[in-house]
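The values are calculated or read from the model by the stated rules, or taken from the named source; none is laboratory data. Worth saying up front: this structure is predicted, and the values here are computed from it rather than measured. All Cβ positions, glycine included, derive from the backbone under ideal geometry; neighbour counts span all protein chains shown. Surface areas here come from the heavy atoms of the whole protein model, side chains and all, with no ligands, DNA or RNA. Shrake-Rupley method; radii C 1.70, N 1.55, O 1.52, S 1.80 Å.
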Amino acid sequence: MKTQAIHGKLAKYYDKVYSYRNYLDEAVRVQNLIMKYLESGGNTLLDVACGTGLHLKYLKDDFSCTGIDISRPMLKIARKNAVGVNFKEADMKTLKLEKQFDVITCLLSSIGYVKTQANLERTVQNFATHLKKGGLLLIEPSDSDAFYVKGEPRIVTYDGKDTKIARVNVTKTRQITAILSMHFIIADRGKEASYIVDKHELGLFGINKTLKAMKDAGLKSKYLKNGLMSGRELVLGIKK
């Protein structure tokens, strides 16, 4: 799988680009959902596509945490952000940890990177295999109606003392795929500004297909319109 620039050579800027997110608040919301829906009773947690580990930074004191990501540069940062957490380089589609967890999370629509419906079904089944009976799966779905609005221009900026960043994109859709060409302008103190285009393609599975994939994997599924952050839905599954 091709690694996008923001997950590779631009990984050091990732936390700055997403500095508008309140990871502590999201982690608290995750904990509240765990308290409400978890039936297995344990405290082991696997964060899939964990990125730079900022959710785990706030979950690690209450859970025995493992984070996996396909990006080695992101994991290098994650190990500094969430000291003491067990991180592994792995692909969610082919994950094989030979261990089961009480909770599995896959957030920020990262599930969209599996691209196809067949891969979605395979990946959710893989998650279910890694869940204990009564365990809880939380997925922020990749859903065009909720987040990827065709033709809508978006901009994110970071205005730091030594670094300035602007990321601009307009979402395009092709059948069940969202295509995001993210245009980055980055200026670091003492250096010339740089410009890079970073292309992302994500499968748009919709809520119903995601819920069906959970059901087919033996999970009792539920849809939550209001997820961890504004504009993001959430689907959850409990292993029967």
Subject >> Residues of the range 45-60 satisfying the condition of being free of Cβ contacts under 8 Å to residues at least 60 places away in the same chain and touching an Asp or Glu at 6+ places or on another chain (Cβ under 9 Å) >> reply: Cys50, Gly51, Thr52, Gly53, Leu54, His55, Leu56, Tyr58, Leu59
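Considering Tyr58, Tyr23, which residue is touching a helix residue (DSSP H, G or I) at 6+ places or on another chain (Cβ under 6 Å), closer than 20 Å to Ile139 by Cβ and open to solvent by 40 Å² or more (accessible area, probe 1.4 Å)?
Values: Tyr23 fails: open to solvent by 40 Å² or more (accessible area, probe 1.4 Å).
Every option except Tyr58 fails the conditions.
Is it the case that the range 166-177 has a residue that's under 18 Å from the mean Cα position of the chain (by Cα) and modelled with pLDDT under 95? Let's see the steps before the verdict.
Kept after step one, since they are under 18 Å from the mean Cα position of the chain (by Cα), are these residues of the range 166-177: 177.
Now drop any that are not modelled with pLDDT under 95, which leaves 177.
The answer is yes, given that some residue of the range 166-177 is under 18 Å from the mean Cα position of the chain (by Cα) and modelled with pLDDT under 95.
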Original post:
Among the residues of the range 122-147 satisfying the criterion of being acidic (Asp, Glu) and buried (at least 20 other Cβ atoms within 10 Å of the Cβ), which is nearest to Leu234 (Cα to Cα)?
Top reply: Glu140
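Could you count how many residues in the range 81-96 are open to solvent by 30 Å² or more (accessible area, probe 1.4 Å) and either in contact with a Gly (Cβ under 7 Å, 6 or more places away or on another chain) or of a type outside the set (Gly, Ala, Ser) (or both)?
Let us first name the residues in the range 81-96 that are open to solvent by 30 Å² or more (accessible area, probe 1.4 Å), namely 81, 83-84, 86, 88-89, 91, 93-94, 96.
Keeping just the survivors that are either in contact with a Gly (Cβ under 7 Å, 6 or more places away or on another chain) or of a type outside the set (Gly, Ala, Ser) (or both) gives 81, 83, 86, 88-89, 91, 93-94, 96.
Residues in the range 81-96 being open to solvent by 30 Å² or more (accessible area, probe 1.4 Å) and either in contact with a Gly (Cβ under 7 Å, 6 or more places away or on another chain) or of a type outside the set (Gly, Ala, Ser) (or both): 9 in total.
Taking Asp188, is it at negative phi and surrounded by fewer than 17 Cβ atoms within 10 Å (Cβ to Cβ)? Outline the logic, then answer.
Values: at negative phi: yes; surrounded by fewer than 17 Cβ atoms within 10 Å (Cβ to Cβ): yes.
Taking the combined requirement at face value, the residue satisfies it.
Table: residues versus (1) assigned to a helix (DSSP H, G or I); (2) more than 20 Å from Met229 (Cβ to Cβ).
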| residue | (1), (2) |
| --- | --- |
| Asp15 | yes, no |
| Ser19 | no, no |
| Thr52 | no, no |
| Leu75 | yes, yes |
**OP:** Sort out which residues of the range 103-121 are in a loop (DSSP other than H, G, I, E, B), hydroxyl-bearing (Ser, Thr, Tyr) and either open to solvent by 10 Å² or more (accessible area, probe 1.4 Å) or under 15 Å from Leu46 (Cβ atoms) (or both), and write them in order of number.
**Re:** Thr116
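Mind listing whichever residues of the range 97-116 are touching a residue at least 12 places away in the same chain (Cβ under 8 Å), farther than 16 Å from Glu140 by Cα and not β-branched (Val, Ile, Thr)? Write out each step before concluding.
So the first thing to find is which residues in the range 97-116 are touching a residue at least 12 places away in the same chain (Cβ under 8 Å), and the list is 97, 99-116.
In the following step, the residues that additionally are farther than 16 Å from Glu140 by Cα were identified as 97, 99-102, 116.
Correct list: Leu97, Lys99, Gln100, Phe101, Asp102.
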Original post:
Within the range 54-66, how many residues turn out to be over 25 Å from Val17 (Cα atoms) and part of a loop (DSSP other than H, G, I, E, B)?
Top reply: 3
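Just checking, which of Lys150, Lys172, Lys164 is of a type outside the set (Ser, Thr, Tyr), open to solvent by 70 Å² or more (accessible area, probe 1.4 Å) and outside any strand (DSSP E or B)? So that I can check it myself, show each step before the final result.
Values: Lys172 fails: outside any strand (DSSP E or B); Lys164 fails: outside any strand (DSSP E or B).
Just a single option satisfies the conditions, and that option is Lys150.
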Original post:
Between residues in the range 226-238 that are in contact (Cβ under 8 Å) with a residue 12 or more places away in the chain and assigned to a loop (DSSP other than H, G, I, E, B) and residues that are open to solvent by less than 20 Å² (accessible area, probe 1.4 Å) and not charged (D, E, K, R), which pairs lie under 8 Å by C-beta distance while being six or more apart or on different chains?
Top reply: Gly227/Leu234; Leu228/Val30; Leu228/Leu107; Leu228/Leu234; Arg232/Ser109; Glu233/Pro141; Glu233/Gly227
Subject >> Top-ranked residue of the range 198-225 - restricted to ones that are free of Cβ contacts under 8 Å to residues at least 40 places away in the same chain and in a helix (DSSP H, G or I), ranked as surrounded by the fewest Cβ atoms within 10 Å (Cβ to Cβ) >> reply: Asn208
